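The values are calculated or read from the model by the stated rules, or taken from the named source; none is laboratory data. Computed from a prediction, not measured in an experiment: that's the story for all the values here. Methodologically, a virtual Cβ is constructed for each residue, glycine included, from the backbone with ideal geometry; neighbour enumeration extends over all protein chains shown.
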Amino acid sequence: MNSPIRLKGVFIITMVLSLGLTSCNEKESIDTEKEVSKNQKAESVMAKKELSETFKSYWYAGDAEITSYQLQQARYGETRDGKAVLIYVTEPFLPEAQVKADESHPDNVPVLKLNTTKNYLTGIYPYSIMTSSFYPVHDNQHAIKLSFSAQEWCGQVYAQLNNREQFDVMSHSYFESEGDQNLQLEKTILENEIWNKIRIDPASLPVGEFDVIPSLEYIRLAHIKLKAYKANLRLSDVKGISTYEITYPELERSVKINFAIDFPHAIEGWSETAKSGFGANVKSLTSTATKMKTYKTPYWRQNGNKDLALRDSLGL
């Protein structure tokens, strides 16, 4: 006859084994779900859009496309004259280090890079702004990387966003309230990547209400929190020109990008309406950029004094 103590011991051992098996099964289930999620994410990123021969012949001709714009930029409650330049060029990108690849490698990601520069004066002192966005030509994920910097006589600010498990962002500023920041954001539409998507496949532009992370330039110069904001996205066509509009109700800001319906979907100009100025000087102003000239050239080889005259081709 089994004693109560022995029966109790057997019961405890049975329960422990049962709990252990349940725990292992749960862990295996969780690990399986994670692996499935990881695979699904990988499959989503790996789905590539085919590049047309027209696209390849234009963007892989060994040149950059450089377009200059006459800029009317709102700053401190007034509109300033200036110049903007959009430089589009394809290049190989390292997916892990997220920098331009020095050598050819099967893992390299082909991207369409956009460097945007803006230069204007605010009274006695100048503003110099540059934003870079690196977007896969196969249009199969968000921008891999964004970077932004602004310099003026008060100081300089810099921000960089890297597309990893989340959006990893670091931001540096000379303002105490902004200082040095490191944060993670859930992946969503980036205003900065829209300019690349337009040139690759405007038919794939999102339309409707979405969470959108505003441009790094606007975030920093407006001194607002870096995060996603609700936005209404619209696309319209009039006489050969498409207009993509991003409206942020909470920010009382809208951006309109005008581009050619026909390939290569050249950016004809843009406008941005937002509050400008601080304190009693705050008012809603519209900044505009009007296309001047476009020039396709391997500019990185044209860095001698003899090449200075080429700036005349861009009206700069």
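Structure above, values below:
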quantity: Subset of region 235-256 (residues that are in contact (Cβ under 8 Å) with a residue 24 or more places away in the chain and not in a strand (DSSP E or B)); calculated: Leu251, Glu252
quantity: Residue identified as of a type in the set (Lys, Arg), assigned by TED's automatic domain parsing to the domain that holds Lys118 and in contact with a Lys or Arg (Cβ under 9 Å, 6 or more places away or on another chain) among Arg220, Arg199, Arg253; calculated: Arg253
quantity: Any pair with Cβ under 6 angstrom, 6 or more apart, that starts in region 273-292 at a residue that is assigned by TED's automatic domain parsing to the domain that holds Thr117 and modelled with pLDDT under 95 and ends at one that is surrounded by fewer than 15 Cβ atoms within 10 Å (Cβ to Cβ) and aromatic (Phe, Trp, Tyr); calculated: Gly277/Tyr76
quantity: Filter result for the condition that a residue is out of contact with any His (no Cβ under 7 Å at 6 or more places or on another chain) and exposed (fewer than 13 other Cβ atoms within 10 Å of the Cβ), over Ile219, Ile213, Ile261; calculated: Ile261
quantity: Residue within region 49-72 that is modelled with pLDDT under 85 and either part of a strand (DSSP E or B) or out of contact with any helix residue (DSSP H, G or I) (no Cβ under 6 Å at 6 or more places or on another chain) (or both) present; calculated: yes
quantity: Subset tally (residues that are surrounded by 14 or more Cβ atoms within 10 Å (Cβ to Cβ) and either on the phi > 0 side of the Ramachandran plot or without any contact (Cβ under 8 Å) to a residue 24 or more places away in the chain (or both)) for region 191-210; calculated: 1
quantity: Within region 223-234, tally of residues that are surrounded by fewer than 15 Cβ atoms within 10 Å (Cβ to Cβ) and part of a loop (DSSP other than H, G, I, E, B); calculated: 4
